[in-house]
Amino acid sequence: MSQRKAPSEAGRATIRDVAEHAGVSVASVSRVLSGNYPVSDELRRRVMKVVRDLDYVTNAHARSLAGGGTPTVAILINNITGAAFAHVAKGVEGAATLRGWLSLVGTTGDDPERELALVNLMRQQGVAAVVLLGGAYDYDEYQLRMARFARSLDAAGSHLVLVGRPPLEGDVPATTVDYDNEGGAYAMASHLLSAGHRRVLVLPGPAGLTTAQGRLRGARRAFEAYGIPFDPGMIRHGPYDDTHGYTAVEAALRETPDFTAVLAGTDVVAAGAMQALRAAGRRVPEDVSIVGYDDIPLASQLTPQLTTVHVPYEEMGRVALRAVADRREGGTGRRKGADGEHLVLGTHVVVRNSVRPPAPRG
């Protein structure tokens, strides 16, 4: 009976070596490593044991993860023109540059298939980490998809970092860097309620987006804390852009014109809402108060300057990169501590000039 030969020290283990040592087909190994197809736990354990024994990585680029070459971090973002998460990307890139790392940026366009393709491409390129930015849709499917991504990257010696997304459940090799999204919305809604507003138009964002859901929960919780009934009819869902802010306020002026404040899901949405109010002859904040969320530079450039929730987006990017670096510098390629680390940064209200108590009705 012939013995299987281990790859030579001078050579690199190939996918065929893994298949031979595991006693399975190359296709089976590919399915396990890609994380895109359902495989049995027994097959996954067998293949992954061989992967570890042979120190298998997908290609020559990935060899750098073992200590050679320049580490690269891939930043995948829903929309590169979005100001908030552009600041996260800036934080990642800045922290990477300080360590002599390279950064790549790709856009997913909120398309799960595009996201999957980019994660697989980055895995094949042997990046040190993939950082996914922005909210997500469909929580159950999100959990399954991200778990597959995390395990697939981990098998190649890389790591998944989620920024501004829900944490993963169970023992999944991924790091989540988040902010107190719901708490920020609670504080912002409380600011309006403490000023005397009771009829508040709420523009939380897209209905299925986890970010919008958290902001809506925070607003509802504030109303409950103040003992004030929350009217679901005052919610207008839509994308995080100024067009939605404009059209939502325009519609509300026709349908529920008694609102005295607008709680916008982002500063950009708030800017559109301001335009709609001015077009209708309403003054901000004399007639209607407006608040935003994010505290991007636009917030202080509006007239009046916008009261908003500050999110430490750039710091989130730096924290994400440090989490990856800590794992790599731990000696085994893994960060010391358990998988599934969830880091949460604080938010706070920045008070400017866009809120006043509601005008007396006469």
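From its DSSP helices (H runs of at least four residues, each -39,500 (n - 2.57)), the chain gives a residue-normalised ellipticity at 222 nm of -13500 deg cm²/dmol.
Within the full protein context, the accessible area of Lys90 is estimated at about 120 Å² for a probe radius of 1.4 Å. Using a probe radius of 1.4 angstrom, the carbon and sulfur fraction of the accessible surface of the chain is 51%.
Net length available on complete extension from Asp258 to Ala27 is 76.8 nm, with 0.36 nm assigned per residue and the Cα-Cα distance removed.
For region 249-362, the dipole from Cβ point charges (+1 on Lys and Arg, -1 on Asp and Glu) about the Cα centre works out to 180 debye, to the nearest 20.
The alpha carbon convex hull volume per residue for region 147-272 rounds to 115 Å³. For Glu20, the accessible surface of its heavy atoms amounts to roughly 90 Å² (probe 1.4 Å, protein chains only, rounded to the nearest 10). Legend: P(r) of region 292-333 from all alpha carbon pair distances, 10 Å bins from 0, whole percents, reading 26, 29, 20, 15, 8, 1. The distance between label points at Gln305 and Asp171 comes to 5.2 nm (points 7 Å beyond Cα on the Cα→Cβ vector). Looking at Ser25, Phe230, Val284, which one has the Cα that reaches farthest to the positive end of the dipole of the chain (charges on Cβ: Lys, Arg +1; Asp, Glu -1)? Highest projection toward the positive end goes to Ser25. Among Ala156, His87, Val200, pick out the residue whose Cα is farthest towards the positive end of the charge dipole of the chain, where Lys and Arg carry +1 and Asp and Glu carry -1 on C-beta, about the Cα centre. Of the listed residues, the answer is Ala156. Taking Cα atoms only, the orientation of helix 210-225 departs from the longest principal axis of the chain by about 40 degrees. The residues of the chain have, on average, 45 Å² of accessible surface per residue, using a 1.4 Å probe with all protein chains present. The Ile228 and Glu42 beta-carbon pair, evaluated with R₀ = 35 Å, returns a calculated FRET efficiency of approximately 0.05. With 0.36 nm allotted per residue and the present C-alpha distance subtracted, the Asp140-Ala251 stretch has 36.6 nm of extension available.
D by Stokes-Einstein for region 172-213, Kirkwood Rh over Cα pairs, 10 °C, 1.306 mPa s: 128 µm²/s. Place a +1 charge on the Cβ of each Lys and Arg in the chain and a -1 charge on the Cβ of each Asp and Glu, then give the dipole magnitude about the Cα centre in debye, rounded to the nearest 20. So the magnitude is around 560 debye. Tell me the Kirkwood radius of region 131-213: reciprocal of the mean inverse pair distance over distinct alpha-carbon atoms, in Å. Computed over Cα pairs of region 131-213, the Kirkwood hydrodynamic radius comes out at 14.6 Å.
The values are calculated or read from the model by the stated rules, or taken from the named source; none is laboratory data. Since this is a predicted model, take the numbers as computed values, not measurements. Note that we place each Cβ from the backbone using ideal geometry, even for glycine, and neighbour counts take in every protein chain shown. For accessibility, only protein heavy atoms count, side chains too; no ligands or nucleic acids. Shrake-Rupley method; radii C 1.70, N 1.55, O 1.52, S 1.80 Å.
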